[in-house]
Each structure stands twice: as structure tokens, then as C-alpha cells.
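The next block holds one structure in the form of C-alpha cells; read it before the comments.
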Amino acid sequence: MKKRIDAAFLGGLLLALCLPVEAQQPMKISRIGFLSETSRNGSNVAAFRQGLRDLGYIEGKNILIEFRNIKGTQDRTGSDVNELVQLKVDVIVSPLQSAIRAAKQATKTIPIVMVVNTDPVATRLIDSLARPGGNVTGVTVVGSELGSKRLELLKEVIPTLSRVEVLLMADSPSSPVAFKEYESAARTLKIPLQSLVLRRPEPDFDSAFQAAVGRHTSALIAPTFPLFVRFQKRMTDVAIKNRLPSMHEQIDFVEAGGLMSYSANDTDSFKRAAAYVDKILKGAKPADLPVERPTKFEYAINLKTAKQIGLTIPSKVLARADKILR
């Protein structure tokens, strides 16, 4: 009997001694690299952080976000990407195609989660939506469907719509893809479509938009190129000055003074990006995670801008808007 008690006592003592050692094991802190042209306090970053919190991640406790604000040349983008690779982050997240492409070239092993507005298959970031292959996956808006919707909305707001120009960047590999996303829809709707090419480092919106007015352009469509994000206030101000209605691919541009946007709900998209990060940190491979497409969309109208350019928005259109800025 005494031997049994001694054995039980010793077993309990050993367990008690082991527990502090177990408790002292450091918790793994995963590092996420986040590359963006917006502020670290921007709405998209906030949505991503909230998505991580919803999944049980706490910054500083079990996760760290290495934020890099990309503002500059392609060389600067490459430098920021290489810095994250050298830090051996566990995952890289970005809404910028240039950053995703640079990251893909810099590493074949670190998983990359994208949140992009262009077709990643057409731009050769992935093999297919169902089987992305390589180390890139995430959320994408395949633009042809949204392109058609944006043109339809422009036609509703401007019944006399006779010519639309799509703003493109001269040196961007995304430009041909961005234009193609609107081209077929424009043919179906019988709307003449023209490209309006701008150049780095500072796009000359004044000259470009004055020339568009001279060509009797009815409206502009502005794809979300990183440089346009940086100069969004300048772009929208010059469009208003020239009384040019503008359609955008992100609501931020409407908040900056653009006329309208029809886009995926960015908050939802970046929360879904956090879900990809969670799956990858738990062992999933990017090549095996199908790329998702948004399910929530937003239509935003800036009534103040409409008034400034002398445009009346039909009440039936306003009734369908998710957000109206007055």
C-alpha cells in the first residue's frame, strides 16, 4: 500500500516539475510581410488586421506584421520585397501586382497572398484560379464582368454616353489586360472605347484630360494602378475641373472626389486574405488553395462631384447605391 502511495506521489511530483518547463516554452510568433501603397492605418490594413483578430491572432503575441509602404520606383519595390525575404517572413501579403510579381521573382518558398483587381491568370501571376500552382494564391476580381457593370452604370447616368476613355500606364504590364477587361463589354454596349495613356513619374492629368475633352470624351474609367492610388486626389480634382465624369474600381477614389465606383467590398476581401494567411500558417500550401473571387460588391456615388460637373444622377440609380457621398 505504501509503495503504491509513494509511486503516486512521485508521479505527481514529476508532473508538477514538468509543468513549469512546459509553460516556459516560447510561443511561436509568425511574421507577415504586408506591402502596400497606402498607410499602415488605412482601411484595407485595418480590415486585414481585424480578420486576423477574428481568427485568434494577436499582434505582438502570436503574430507580427512587417509593414512596408511602397512609394517609388520598381527598384524600390524590389528592395522592400528583398528586405522581407531576408527577414524570412512566413507569408507576404499585397494588393499590388508589381509587389506580387517582385516577390514571386525573389522567392519560390515564401507563400504570397494577393488581393488584386486584375486577372492573375492573364497577367501570369498564377496558372489557374482552381490550381494556382507555385507560391501565390489569394483573392482576385476577374475584371470583365465588373467592367461590363461599370459601363452599364455609366450609360444609365449619362444617357448620351458616346465615348469612354480608359486611363492606362505606359510602362505597366497590366495595362493591356485592364483595357481588354472593358473592350468586349464596350462592343456589346456599342460604346466607343479609347485608351488614354499616362506616364511616370508624375502623370500629367491636366494635359491628358484637356485632350480628352477636345476629343468629346463622355467619361473616364480609371483602373487601380498603384501610381493612380498615390495621385488619386490630383486625378479626381483635374477630372472635376474638366467636368469629366469618372468611374473607378475602388471606393477610395470616390471619397477623394471621383464620381462613381463599382467594386468588390475591400473590407471583405482583406478579411478573406487573413483567412488565407491562417490556412497557410497551419500548413496549407498556396499551390493547393484555389483563388477566390469576391461575393460582396459596392456601388458608390459622389453627389457633390455630380453637382460640380453639372450632372444629375437619376433617382432610380441613387436608390441602388450602397454609399452616397453628399
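The values are calculated or read from the model by the stated rules, or taken from the named source; none is laboratory data. Just so it is clear, the model here is predicted, and its values are computed rather than measured. Quick reminder, even Gly has a Cβ in these numbers, built from the backbone with ideal geometry, and neighbours come from all protein chains shown. Surface areas here come from the heavy atoms of the whole protein model, side chains and all, with no ligands, DNA or RNA. Shrake-Rupley method; radii C 1.70, N 1.55, O 1.52, S 1.80 Å.
Of Phe225, Phe253, all but one fail to be modelled with pLDDT under 90, within 22 Å of the chain's Cα centre (by Cα) and open to solvent by less than 20 Å² (accessible area, probe 1.4 Å); the exception is Phe225.
Please indicate, with yes or no, whether at least one residue in segment 106-113 is assigned to a helix (DSSP H, G or I), surrounded by fewer than 14 Cβ atoms within 10 Å (Cβ to Cβ) and more than 21 Å from the chain's Cα centre (by Cα). No, that holds for no residue. On inspection, Thr77 passes the criterion of being touching a Ser or Thr at 6+ places or on another chain (Cβ under 6 Å) and either at pLDDT 95 or above or open to solvent by less than 50 Å² (accessible area, probe 1.4 Å) (or both). In segment 276-320, the qualifying residues are those that are closer than 30 Å to Ile32 by Cβ and among the aromatic types (Phe, Trp, Tyr), and the one that is surrounded by the most Cβ atoms within 10 Å (Cβ to Cβ) is Tyr276. Going by the structure shown, is Thr137 part of a loop (DSSP other than H, G, I, E, B) and either of a type outside the set (Phe, Trp, Tyr) or at pLDDT below 90 (or both)? No. Taking the numbered list (1) surrounded by fewer than 19 Cβ atoms within 10 Å (Cβ to Cβ); (2) at pLDDT below 95; (3) of a type in the set (S, T, N, Q) in turn, Gln232 passes all entries but (1). Within segment 272-292, residues that are modelled with pLDDT under 95 reach partners that are assigned to a helix (DSSP H, G or I) and of a type in the set (D, E, K, R) with beta carbons closer than 7 Å, at six or more positions or on different chains, in the pairs Glu292/Arg272. With the structure loaded, tell me whether Ser175 is modelled with pLDDT of 85 or more and surrounded by fewer than 23 Cβ atoms within 10 Å (Cβ to Cβ) or whether it fails that test. Considered against the rule, which asks whether it is modelled with pLDDT of 85 or more and surrounded by fewer than 23 Cβ atoms within 10 Å (Cβ to Cβ), Ser175 comes out as yes. Looking at segment 229-244, is at least one residue aliphatic (A, V, I, L, M), more than 22 Å from Lys323 (Cβ to Cβ), part of a helix (DSSP H, G or I) and touching a residue at least 12 places away in the same chain (Cβ under 8 Å)? Taking every residue of segment 229-244 in turn, at least one turns out to be aliphatic (A, V, I, L, M), more than 22 Å from Lys323 (Cβ to Cβ), part of a helix (DSSP H, G or I) and touching a residue at least 12 places away in the same chain (Cβ under 8 Å).
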